[in-house]
Every structure is written in structure tokens, then in C-alpha cells.
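Taking it in order: structure first as C-alpha cells, then the write-up.
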Amino acid sequence: MSGSARIPEKGNPIPQAHTPLRSIPSWWYAPLAMFALGVRLPAFRAPAELSYDDGVYQAAAISMRTGALPFRQVFSAQGPLFYPAVWFADLLGFRTDHAPRIAAVAAGIAITICAAWLAGRKSAAAFWVVGILVATSGTILRTTSALTSDGIAFAWALMALCLAVSMSSST
């Protein structure tokens, strides 16, 4: 029976080929993050709302500046971490007109870094290719330039995936 799969004996699993994971130099993340920031800056500095959601969530941030509480005085159908992230971004941006967009831009950078980290576990070329493709992808760029809940939710999900992968590979 040449060429057929070997059936393991009971209690003796077939050993899996283990490929060592690549170690990406930590300084590589800085230029990738700067690139992801650079492609989002024109939208971040746009003088008008970029979408309906962008305007509504910026108005919600302005309401929270005056003391309105998320999910009590400011309605949202988004998850429980969305308005606190918007409020924190508004605080980081010194409560300027476009400060709430910091949350979306930070989400775009986080998505880019997380995707590149996952790809970089296989090769250095994959790190750069995936990082650049994700940073400039139309859908990712659209949801992480203007303030939308989609980009922020995707960033949280991808960070959770990276955490799970790093914990599973360390055991």
C-alpha cells in the first residue's frame, strides 16, 4: 500500500511537522504603523463629516463632552465598548472637532499591525505584503478613516484573535 495514509495505532498520534515561527524585528512595526496612519490622515483631517455614521458619532462625542452618559442619554445600538472608545479618543484629541476620529484611525493601525503580526509568523515577506494590503484595503480604509463602529469592532476582534494565537503557541 505505497502512497496511502498511515493509520496511527491507538494512543499513538501521527507526529505533526512543526515549523518554527518567524521572529519579526520589533522596529518593523513602527514604519508599518506610520504607513497605516499616513493613508488615513487626509480623511482624519477632512473638514466635513465623511458619512452619516461619522456625523452621528461625532455628535454623540460632543454630547458626552457635556456630561451625557452613553446608553443612557446618548443612544447607541453598538456594543458596550464603542462609546467609551469614542469618548477616550475625544479626550486624547483634546476635544477638538475631529478628535473622535482618533478611535477610527487607531483601529486602522491596530488592524494593520495585528494582520501583519499574524502573517509575519510565517515569513518576513508575508509581514510586509499583508501589512501594506490591509492598510490600503478599501473596506478597511473606509471603516477606519471615518468614525464607524465597524472598524473599531474589527480591531477588537482581531486583537482578541492575536491574543488567542499568542497564548496557544506559547503552551
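The values are calculated or read from the model by the stated rules, or taken from the named source; none is laboratory data. This structure is a prediction, so every number in the text was calculated from the model and none was measured. When we count neighbours, we look across all protein chains shown, and the Cβ atoms used for this are built from the backbone with ideal geometry, even at glycine. Accessible surface areas use protein heavy atoms only, side chains included; no ligands, DNA or RNA. Shrake-Rupley method; radii C 1.70, N 1.55, O 1.52, S 1.80 Å.
Please go through region 62-75 and give me each residue that is without any contact (Cβ under 8 Å) to a residue 24 or more places away in the chain and in contact with a helix residue (DSSP H, G or I) (Cβ under 6 Å, 6 or more places away or on another chain), ordered by number.
In the first step, residues of region 62-75 are kept if they are without any contact (Cβ under 8 Å) to a residue 24 or more places away in the chain; the result is 62-63, 66-75.
Within region 62-75, P70, V74 qualify.
Out of the residues in region 161-171 that are open to solvent by 60 Å² or more (accessible area, probe 1.4 Å) and modelled with pLDDT of 95 or more, which is nearest to the chain's Cα centre (by Cα)?
Kept after step one, since they are open to solvent by 60 Å² or more (accessible area, probe 1.4 Å), are these residues of region 161-171: 161, 163, 167-168, 170-171.
Retained after the next criterion (residues that are modelled with pLDDT of 95 or more): 161, 163.
Details: L161: 11, L163: 13 Å.
Of everything passing the filter in region 161-171, L161 is nearest to the chain's Cα centre (by Cα).
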Completion exercise
Scanning region 76-90 for residues that are closer than 19 Å to L37 by Cβ and either open to solvent by 10 Å² or more (accessible area, probe 1.4 Å) or not acidic (D, E) (or both), the one nearest to the chain's Cα centre (by Cα) turns out to be A85
Completion exercise
Quick count over region 116-133, residues being part of a helix (DSSP H, G or I), surrounded by fewer than 22 Cβ atoms within 10 Å (Cβ to Cβ) and either more than 13 Å from the chain's Cα centre (by Cα) or without any contact (Cβ under 8 Å) to a residue 60 or more places away in the chain (or both), is 10
Problem - Boolean, A33 is open to solvent by less than 80 Å² (accessible area, probe 1.4 Å), assigned to a loop (DSSP other than H, G, I, E, B) and modelled with pLDDT of 70 or more - result: no
